[in-house]
Amino acid sequence: LIKQFYSLLVTECEIFLSLLVKFLDADKPQWLRAVAVESIHRLCVQPQLLRSFCQSYDMKQHSTKVFRDIVNALGSFIQSLFLVPPTGNPATTNQAGNNNSGGPVSAPANSGMLGIGGGVTLLPAFEYRGTWIPILTITVQGSAKATYLEMLDKVEPPTIPEGYAMSVAFHCLLDLVRGITSMIEGELGEVETECQTTTEAASSPTQSSEQQELQSTSDQMDKEKVSRAVWEEMVNACWCGLLAALSLLLDASTDEAATENILKAELTMAALCGRLGLVTSRDAFITAICKGSLPPHYALTVLNTTTAATLSN
């Protein structure tokens, strides 16, 4: 309904989306949370739909901030998985498509190691405060595969593999950043090209009257102003939730590829905020990247030392 008939069901979709966000709460059954995060992933790979959410809800004064709530809910969902790790079945980890060899993989939740031919291979995972959650290869970046959303006709709820919900939420964040960045930068490039074309046309002799040129320039400026307001609202609505979630995952990541994807996402958001002139969010992402380049707790030690020295003086 949301994907096909959103323009006809704006009010109804606001209710649907608010309920969908609530299904991510920690008190909901594990299978329901997995289905909810799959549904949100389907939304996150559609930046134009997210733009419509922002225009219809977040930019309205007395409306639910749907887009902001979706991003914040993903961050809270990820944090809750570290606080109360799901009791998924490690032996069914490959049910969602993680195993390249076709057989089941059993991973001890406290070690993150897999014995292969007498050797030891570290499994990609997030580990935070003693909680180890494997990272599964669930889908190709930029697409959403709803494995458990398609099992709603079953009588019994399915067993969710350990790490599946976290992996889907992780891909939600990456696809969200990739989607809105590509969309905004593409539209920004079009506006800059149109402005340049209008300027060149105004400076060269044409058959158009001066009044028509002024009207065209005015229309172009109005269009850019409206578009920029939407871009800025989208970034302002999501950057806090994105930064918190990505920073947590960066601290918890034990996998080089995952760490690289997180840093690229933060760098992409910093660049986008810079192009839009959003200084606070830009500096926040740059600070997070700088902290990520330091050893664990190093920044805290430096800050404490600096504070102590300042107080003593």
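The values are calculated or read from the model by the stated rules, or taken from the named source; none is laboratory data. This is a predicted model, so every value here is computed, not measured. Note: ideal-geometry Cβ built from the backbone for every residue, glycine included; neighbour counts use all protein chains shown.
Before moving on, here are some points about what is shown:
- SER253 vs. criteria among the hydroxyl-bearing types (Ser, Thr, Tyr), at pLDDT below 95, under 19 Å from PHE170 (Cα atoms) and touching a helix residue (DSSP H, G or I) at 6+ places or on another chain (Cβ under 9 Å): yes
For (1) in a helix (DSSP H, G or I); (2) modelled with pLDDT of 85 or more, each residue gets a yes or a no:
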| residue | (1), (2) |
| --- | --- |
| SER7 | yes, no |
| SER18 | yes, yes |
| VAL37 | yes, yes |
| ARG51 | yes, yes |
| GLN55 | yes, yes |
| ASP69 | yes, yes |
| GLN95 | yes, no |
| ASN98 | no, no |
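- Test result for ALA26, closer than 15 Å to LEU81 by Cα and part of a helix (DSSP H, G or I): no
- Here is the figure for region 254-283: residues that are within 16 Å of the chain's Cα centre (by Cα) and not charged (D, E, K, R) total 14.
- Residue in region 15-28 that is over 26 Å from GLU185 (Cα atoms), of a type in the set (A, V, I, L, M, F, W, C) and touching a Phe, Trp or Tyr at 6+ places or on another chain (Cβ under 6 Å) present: yes
- Residue in region 247-260 that is outside any helix (DSSP H, G or I), surrounded by fewer than 22 Cβ atoms within 10 Å (Cβ to Cβ) and touching a residue at least 60 places away in the same chain (Cβ under 8 Å) present: yes
- Look at region 157-169: where a residue is without any contact (Cβ under 8 Å) to a residue 24 or more places away in the chain and within 23 Å of CYS44 (Cα to Cα), no partner that is part of a helix (DSSP H, G or I) and aromatic (Phe, Trp, Tyr) sits 6+ places away or on another chain with Cβ atoms under 6 Å.
- Consider region 150-174 and keep the residues that are outside any loop (DSSP other than H, G, I, E, B) and touching a Pro at 6+ places or on another chain (Cβ under 9 Å). The one that is modelled with the lowest pLDDT is MET151.
- Test: SER182 is polar (S, T, N, Q), within 24 Å of PHE126 (Cα to Cα), at pLDDT 80 or above and out of contact with any Phe, Trp or Tyr (no Cβ under 9 Å at 6 or more places or on another chain): no
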